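Visitor: Structure in structure tokens, see below.
No value in this document is a laboratory result; all are computed from the given coordinates. Predicted model, so just to flag it, every value in this text is computed and none were measured. Here the Cβ positions follow ideal geometry from the backbone for every residue, glycine too, while neighbour counts run over all protein chains shown.
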Amino acid sequence: MKPKRSTLGGGVLLALALLFIGLTILFSYVFRGWRVDLTENGLYTLAPGSERILEGLKEPVNLYFFYSEKAANALPELKTYGTRVRELLEELAARSDGKVRLSIIDPQPFSEDEDRASELGVQSVHMGPGGTNLYFGLAGTNSTDGREVIGFFDPRKEEFLEYDVVKLIYSLSNAKKPVVGWMSSLPMSGMAFDPQTGQRREPPMIYTQAEQLFNVRPVSMGATTIDKDIDVLVVVHPKGLTPATQFALDQYALRGGKIVMFVDPVAESDTSGADPQNPMAQMTANKSSDPGPLLKAWGVDFNPREVVGDGELALQVGMRQGEAPVRHLGILGLNESSFNSKDVVTAGLSSVNVSTIGSLRPSEGAKTKFEPLVQSSTSAGPLPTDRFNMLFDPSTLRDEFKPTGQRYTLAARITGNVSTAFPDGPPQGATAPEGGALKESAKPLNLIVFADTDLLMDYLWLRQQSLFGQRIAQAFANNGDLVANALDNLAGSADLISVRGRATFTRPFERVEALRRKAEDQFRATEQKLEAELRATEDKLTQLESQRNDQSSLILTPEQQAELERFQREKLRIRKELRDVRLGLDQDINRLGTTLKVINIVVVPLLVALAAMGIGYWRRRKRNGFTLPAGAPAEKGAEA
């Protein structure tokens, strides 16, 4: 019996092993792509906009993912990101019901695949002397001759991965891009000429991004008509507009046109009338926007003579090399609390930087709907634009600055029917539209107004970095996303906005940062105290020096000697305080780290062990407590 039982046991184990392997292979195919997203913000779940774009595909889209896996294995960060990109592409293809056809290609040196990658525009990165070319990009084509490409996936843009890929699919499925008219008195396009360098300016990244998303058509500042096929009209820093141009904008709005307008009380990029020989005149020139009667007719009040200062959102800026940065009330770093989370244009944004921004408010008796999109904090107040002329020390802005306790609207959405800004008829030189000039809205106005133009400029939200020898613009704020959201929304594509508004993959240590900020505030206060005492001591020494009878003597008077000794003692004491502040910062952070280690290493396992022991004890009590009732017949053979 023993050999037979042993053989039977071995056969059962072998069968179970084969069954396990078979089920593993079966489940790997049947449940391939199934997963549970346990991240707090659903970072690995497709955004609703992505799913709607996939559902709306009317023709197949071909995606070619060129990925040099062997070369990427030498870079752990790139290898991990490559897996992330491949998984996202596979999920998009699986959710598309066959409309997205994915091909994963590992181009070998001197192969047809490598030639195909270069032909489609996928960039290669040379891995150094004797190394191979690394391909890590995506190309897409549609059934016609449409072609889109992501030349190289930047690991530092992981939070925008889904948006970039879905935007590529969306662009291929919508061959006709919306037309965006761009009217600007500031140098925005690549044809702008810099009078100081004598060369053409590079267009701001926001303008370049708009050209990628839309069919951007420049509109002259002196235009007397706005083409009817323009889906969205961008107006940047309206200044010096003729009545005929104002009338053209008025009629476009009455036709139901969609407008994004940027006005500014102090447009830093305004170089109109710039004279390189007289920089002082340029610093005092009027740089305020003047849209004429248009905004008033659309139900918006804008004061071109006031800048919003904000003590809570003010950023620190460095004015001169070698000097500590100072807080600038006119340069603000807007955060999540500044944005309207219920509007698709601003939902999901985390930071936007602005400079010398103005404020907007609904006009009295306006019939349009005024919805704030971006607001200041309650520590804000108005500052006259004159305070920013020839401003060499931003700390002087705090002199006589009084926050009002109210939140100022910095950007707003205006919708509804409006009346013409020219009730007396077309002004001289205006071009009357076909069918006559409109007096009232034929379709409701859809307008978004920003009270700042500087947010369009690269220096407030971009830094240039090098990746594998290539220049890459890395965003440190969401200025570009904010403008693209506004254009996407008014152009009729809200799906891409939900993708762009995803939470970031960066999860900062908020408690640690709070402790660090608290200690830095204490450090700054003590440092300022030291500087104040140093200046006071130097003034006292100067005063004592002037009272000496023998100006040529180098011997210190008893008063001077006592003052110097007192200063030395104070200096040592304050230095000790600075060390204590820094030591306190490290102690608080280390204490927090120790607490987390104890919780993870001791407390959590102990709770799990206690729970397991409790469950085991309960099951044992339940099993032992299940006895036969008194007088019940026992089973046959129970006594034996």
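Visitor: Cα atoms only, the stretch 48-169: Rg and Dmax in Å?
Guide: For the stretch 48-169, the Cα radius of gyration and maximum Cα-Cα distance read 14.4, 47 Å.
Visitor: Looking at this model, which pairs from LYS176/LYS369; LYS239/LYS402; LYS228/LYS287; LYS258/LYS369; LYS176/LYS342; LYS176/LYS296 are more than 26 angstrom apart at the alpha-carbon?
Guide: Details: LYS176/LYS369 31 Å; LYS239/LYS402 30 Å; LYS228/LYS287 31 Å; LYS258/LYS369 15 Å; LYS176/LYS342 30 Å; LYS176/LYS296 35 Å.
Violating the 26 Å Cα-Cα cut-off are LYS176/LYS369; LYS239/LYS402; LYS228/LYS287; LYS176/LYS342; LYS176/LYS296.
Visitor: If we count every other residue with Cβ under 12 angstrom of ILE615's Cβ, Lys/Arg +1 and Asp/Glu -1, where does the sum land?
Guide: Surrounding charge for ILE615 is +4.
Visitor: Just want the answer: with Cβ charges of +1 for Lys and Arg and -1 for Asp and Glu, which residue in ALA324, ASN286, THR346 is farthest toward the dipole's positive end in the stretch 278-365?
Guide: Of ALA324, ASN286, THR346, it is ASN286.
Visitor: Additional query: For the stretch 48-169, how many pairs of lysine residues have a Cα-Cα distance under 22 Å, where the two are 8 or more positions apart or belong to different chains?
Guide: Qualifying lysine pairs in the stretch 48-169: 6.
Visitor: Net charge around PRO362, counting only other residues with Cβ within less than 12 Å of its Cβ (Lys, Arg = +1; Asp, Glu = -1)?
Guide: +2
Visitor: Sorted from fewest to most neighbouring beta carbons within 10 Å, what does the list ILE601, ILE259 look like?
Guide: ILE601, ILE259
Visitor: Shifting gears a bit: Using +1 at the Cβ of each Lys and Arg and -1 at the Cβ of each Asp and Glu in the stretch 48-169, identify which of THR80, GLN108, LEU63 lies farthest towards the dipole's positive end.
Guide: In the stretch 48-169, that residue is THR80.
Visitor: Which ³J(HN,Hα) values in Hz, rounded to whole numbers, follow from the phi angles of the stretch 290-306 under the Karplus curve 6.51 cos²θ - 1.76 cosθ + 1.60, where θ = phi - 60° and Gly and Pro get x?
Guide: Per-residue couplings from phi come out as 9, x, x, x, 5, 4, 4, 5, 8, x, 10, 9, 9, 9, x, 10, 10 Hz.
Visitor: Same structure again: Rounded to the nearest 0.05, what FRET efficiency do ARG201 and GLN474 give with R0 = 25 Å and r taken as the Cβ-Cβ distance? Could you check?
Guide: 0.75
Visitor: Can you list the HN-Hα couplings for the stretch 232-240, worked out from phi with the Karplus curve (6.51, -1.76, 1.60; θ = phi - 60°), rounded to whole Hz and with x for Gly and Pro?
Guide: Going residue by residue, I get 9, 10, 9, 10, 10, 6, x, 8, x Hz, with x marking Gly and Pro.
Visitor: Can you tally the net charge around GLN212? Count Lys and Arg as +1, Asp and Glu as -1, for every other residue whose Cβ sits under 10 Å from the Cβ of GLN212.
Guide: Taking every Cβ under 10 Å from that of GLN212, the sum is 0.
Visitor: Something else now. Label points 7 Å out from Cα along the Cβ direction at LYS369 and ASP301: separation in nm?
Guide: 2.3 nm
Visitor: Further, regarding this structure: So, in nm, how far is label SER419 from label THR24 when the simple model puts each one 7 Å beyond its Cα toward the Cβ?
Guide: Reported label-point gap for SER419 and THR24 is 7.9 nm.
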